[in-house]
1. Here is a list: 202, 227. Which entry is at pLDDT 95 or above and loosely packed, with under 15 Cβ neighbours inside 10 Å?
2. Please determine, by comparing only the residues of the stretch 91-114 that are within 19 Å of the chain's Cα centre (by Cα) and in contact (Cβ under 8 Å) with a residue 60 or more places away in the chain, which one is surrounded by the fewest Cβ atoms within 10 Å (Cβ to Cβ).
3. Out of the residues in the stretch 167-202 that are part of a loop (DSSP other than H, G, I, E, B) and without any contact (Cβ under 8 Å) to a residue 40 or more places away in the chain, state the one that is nearest to residue 88 (Cα to Cα).
4. Cβ-Cβ distance below 7 Å, separation of 6 or more or different chains: which pairs start in the stretch 218-245 with a residue that is over 22 Å from residue 154 (Cα atoms) and end on one that is open to solvent by 60 Å² or more (accessible area, probe 1.4 Å) and of a type in the set (A, V, I, L, M)?
5. Tell me which residues, restricted to the stretch 205-224, are open to solvent by 50 Å² or more (accessible area, probe 1.4 Å), polar (S, T, N, Q) and either closer than 17 Å to residue 148 by Cα or in a helix (DSSP H, G or I) (or both).
Amino acid sequence: MTNSALVTGASRGIGLGIARRLATRGYALTITARDPDRLDTVSDELRSAGATDVITVATDLADPAAADTVTTAHRDRFGTMNALILNAGVGTAGAIADFPMHRFHKTIAVNLEAPFLLLQRSLPMLREGAAVNLDCGAKVVALSSITGAYAESNLAVYGATKAALISLVETFNAEESGNGVAATAIAPGYVDTDMSDWTKDRIPAESMLTVNDIVELADAVLRLSNRAVLSKLVLSRAGASAFTA
């Protein structure tokens, strides 16, 4: 039986890196992002890399209806799910004193509400996936941030959502790991992607973590046995404090 995975934010950066790795391992994939043209290009690439099937769902995860749209598309095509990759996220810097509330609500919607809804809607499929893959069970990988583990000035809202994501993963494991479905939050410092362009004048790209660093961790998590639960991985940059992004 072919393994299947749902990957959010899969059109570039970390999400695309993980989707490529899954494709090389022969997964069938549901990928989602906002740009339909970019998703079409990526889907062709993933098929060429070895994905047995790829479906694309262009949607904005800030929309509460998006989780139903994406998970329904996956269920209709694949029935079960072996891996859920919660990668999509947004974030802007700003002090608590004057952080705009419209940005606050958007960050909460994409970084916390959407992962919660996707996890909830995917859970029946993940349980079914675990039931037919007794060695590994089913896995959830959630992209958090080192700012969710250690506070950093001007990243209060982003960090708060990422801390909540870590907490969500830990509680999920308490509830579901006994059913063969386990989750891991990966919490890296700055990774060299488009999302970190805003700070590359201060932190050079060549000093940031690479996308492949995160891909390797995600791949290792997916290969753990169903006996292992790894709730959190914090990854810092070489030469930086272990407590800063």
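The values are calculated or read from the model by the stated rules, or taken from the named source; none is laboratory data. Owing to the predicted nature of the structure, the values given are computational and were not obtained by experimental measurement. Please note: Cβ atoms are built from the backbone with ideal geometry, for glycine as well, and neighbour counts cover all protein chains shown. Quick note on the areas: whole protein, heavy atoms, side chains included, nothing else; ligands and nucleic acids left out. Shrake-Rupley method; radii C 1.70, N 1.55, O 1.52, S 1.80 Å.
1. Answer to the check: 227.
2. Per the stated criteria, the residue is 92.
3. Among residues in the stretch 167-202 that are part of a loop (DSSP other than H, G, I, E, B) and without any contact (Cβ under 8 Å) to a residue 40 or more places away in the chain, the one nearest to residue 88 (Cα to Cα) is 192.
4. 221/230; 224/230; 226/134
5. Scanning the stretch 205-224 gives a single hit, 212.
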